[in-house]
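One structure is given here, and the rest of the page talks about it.
The values are calculated or read from the model by the stated rules, or taken from the named source; none is laboratory data. No experiment lies behind these values; they were computed from the predicted model shown. Please note: Cβ atoms are built from the backbone with ideal geometry, for glycine as well, and neighbour counts cover all protein chains shown.
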């Protein structure tokens, strides 16, 4: 651990390293955003990471997800990412949860006493809403990723409060869902202010995920770097917040 964090120590000092080492961050959803977020937290020296995802690596993930390789196709995302993070930093405590986050699990996450922060990288609106609301009600620090699909301009990716986002259809729908349950919108989100590029008509498809209840959703086009930028910015926000706490 000492050698791997030498450059980080120059920046943060021993006290900063110690603060990260004693922190525990949960990453919900291990796709392009979640994978990049988790890896950056691991490389920075966050001591404990809980990884949650129920999905497997598929060929359509190859263009943007750090865990997606031809050699990992068909494997559980939570297993592939845990192995990768252990290879990066064997001292990191990795807790794997191969599961789907429903209301009960969201409420449980929000009240876990040893958690320092939650990174919401899941794509199902109903379950994002439940996780966010549960964390806000329990004063659990959380940052949520909005839509990275359909964007190309990295300079328009921002972190702002949920009620201050612009040009993001996912954030707009999330605000509607949150208002319906009288939930707070005073929490940080990563989003893009770029107008979304619509899918080409002959490429626009709808799929049903293999979640317990299934959840039909439109599939947007995605470029290699954009979800990773979202994830890195989430990690940066989390690390800065932990260092100030």
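Take the residues in region 208-228 that are in contact with a strand residue (DSSP E or B) (Cβ under 8 Å, 6 or more places away or on another chain) and more than 14 Å from residue 150 (Cα to Cα); name whichever of them is modelled with the highest pLDDT.
Here is the first cut: in region 208-228, the ones in contact with a strand residue (DSSP E or B) (Cβ under 8 Å, 6 or more places away or on another chain) are 208-209, 214-219, 226.
If we keep only those that are more than 14 Å from residue 150 (Cα to Cα) too, we end up with 208-209, 214-217.
Working: 208: 45, 209: 47, 214: 44, 215: 47, 216: 47, 217: 50.
Restricting to residues being in contact with a strand residue (DSSP E or B) (Cβ under 8 Å, 6 or more places away or on another chain) and more than 14 Å from residue 150 (Cα to Cα), the top hit is 217.
Go through region 14-52 and give me each residue that's on the phi > 0 side of the Ramachandran plot and in contact (Cβ under 8 Å) with a residue 60 or more places away in the chain. Walk me through it before giving the result.
Let us first name the residues in region 14-52 that are on the phi > 0 side of the Ramachandran plot, namely 29, 45.
Of everything in region 14-52, just one residue is on the phi > 0 side of the Ramachandran plot and in contact (Cβ under 8 Å) with a residue 60 or more places away in the chain, namely 29.
Does region 55-63 contain any residue that is within 17 Å of the chain's Cα centre (by Cα) and within 25 Å of residue 142 (Cβ to Cβ)?
yes
Is one or more of the residues making up region 7-20 assigned to a loop (DSSP other than H, G, I, E, B) and either modelled with pLDDT under 95 or closer than 22 Å to residue 140 by Cβ (or both)? So that I can check it myself, show each step before the final result.
Taking region 7-20 first, the residues assigned to a loop (DSSP other than H, G, I, E, B) are none.
Among the residues of region 7-20, not one is assigned to a loop (DSSP other than H, G, I, E, B) and either modelled with pLDDT under 95 or closer than 22 Å to residue 140 by Cβ (or both), which makes the answer no.
Taking the condition within 23 Å of residue 18 (Cα to Cα), out of contact with any strand residue (DSSP E or B) (no Cβ under 7 Å at 6 or more places or on another chain), touching a residue at least 60 places away in the same chain (Cβ under 8 Å) and surrounded by fewer than 19 Cβ atoms within 10 Å (Cβ to Cβ), does residue 55 pass?
no
Please determine, by comparing only the residues of region 42-67 that are in contact with a helix residue (DSSP H, G or I) (Cβ under 8 Å, 6 or more places away or on another chain) and assigned to a strand (DSSP E or B), which one is nearest to residue 7 (Cα to Cα).
For region 42-67, the residue satisfying everything is 49.
Taking the residues in region 32-41 that are crowded, with 24+ Cβ neighbours inside 10 Å and under 10 Å from residue 81 (Cβ atoms) as candidates, determine which candidate is nearest to the chain's Cα centre (by Cα).
Step one: filter region 32-41 for residues crowded, with 24+ Cβ neighbours inside 10 Å, giving 32-38, 41.
Now drop any that are not under 10 Å from residue 81 (Cβ atoms), which leaves 34-35, 38.
Numbers: 34: 4, 35: 7, 38: 8 Å.
Among residues in region 32-41 that are crowded, with 24+ Cβ neighbours inside 10 Å and under 10 Å from residue 81 (Cβ atoms), the one nearest to the chain's Cα centre (by Cα) is 34.
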